[in-house]
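Input: a single structure, listed below in structure tokens.
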Amino acid sequence: SGMTLVNTKKSFLLLLLIVLSDQLTKYLARLFSWPIYYNFGISFGLLQSQNLGVLIYGLVYLILLGLVGYLIFNKSKDQNLLASFILLLAGGVGNSIDRLLNSGGVIDFISIGNLPIFNIADFSISIGAFLLFIMSLNKND
């Protein structure tokens, strides 16, 4: 019946696992001198104007933090919604750590074909957004 302590722990562990894997892969990219790119915009290099990007980024993650807290403390039964918000928030936390450590820049290093260069945090954000999109389609049925 709703969010149990076990599910709250799982949510926190998922968040922690994503943030740690994001930071570890960024560390390894620097350690092994892989080509890296410092992104001063938001995910996938969008909004490179540092002030606008950081402002939007900060507002979005404050809202997400509030939503995750609301879902956990109100014992939400919608585990998919919670998971999507956790993915979004974890990506935001991973990239925010970079912003603090790298003068506002986020380390991107994963390059696949013609896609913009990205990192684990960006991937987490993308999966969370995709899940929200799929859930919104299903709610209209």
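The values are calculated or read from the model by the stated rules, or taken from the named source; none is laboratory data. As the structure is a computational prediction, the values presented were derived from the model and not from experiment. Counting neighbours? That spans all protein chains shown, and the Cβs are built from the backbone with ideal geometry, glycine included. Note: areas computed on protein heavy atoms with side chains; ligands, DNA, RNA excluded. Shrake-Rupley method; radii C 1.70, N 1.55, O 1.52, S 1.80 Å.
Applying the Karplus parametrisation 6.51 cos²θ - 1.76 cosθ + 1.60 with θ = phi - 60° to the phi angles of the range 106-119, what ³J(HN,Hα) value in whole Hz is obtained for each residue in order, glycine and proline being reported as x?
Once rounded to whole Hz, the list reads 10, 7, 10, 8, 8, 10, 10, x, 8, 5, x, 5, 9, 9.
Excluding residues on the same chain fewer than 8 positions from LYS10, give the aspartates and glutamates whose Cα lies under 20 Å from its Cα.
ASP22, ASP78
As a test of reading the structure, rank ILE134, ILE63, ILE107 by solvent-accessible area (1.4 Å probe, protein chains only), most first. Provide the component values of the computation, followed by the final result.
Working: ILE134 60, ILE63 110, ILE107 0 Å².
From most exposed to least exposed: ILE63, ILE134, ILE107.
Would you list LYS26, LYS9 from the most to the least accessible area, probe 1.4 Å?
If we order LYS26, LYS9 from most to least accessible, we get LYS9, LYS26.
Put a dot 7 Å past each Cα toward the Cβ at LEU62 and PHE130; how far apart are the dots in nm?
3.1 nm
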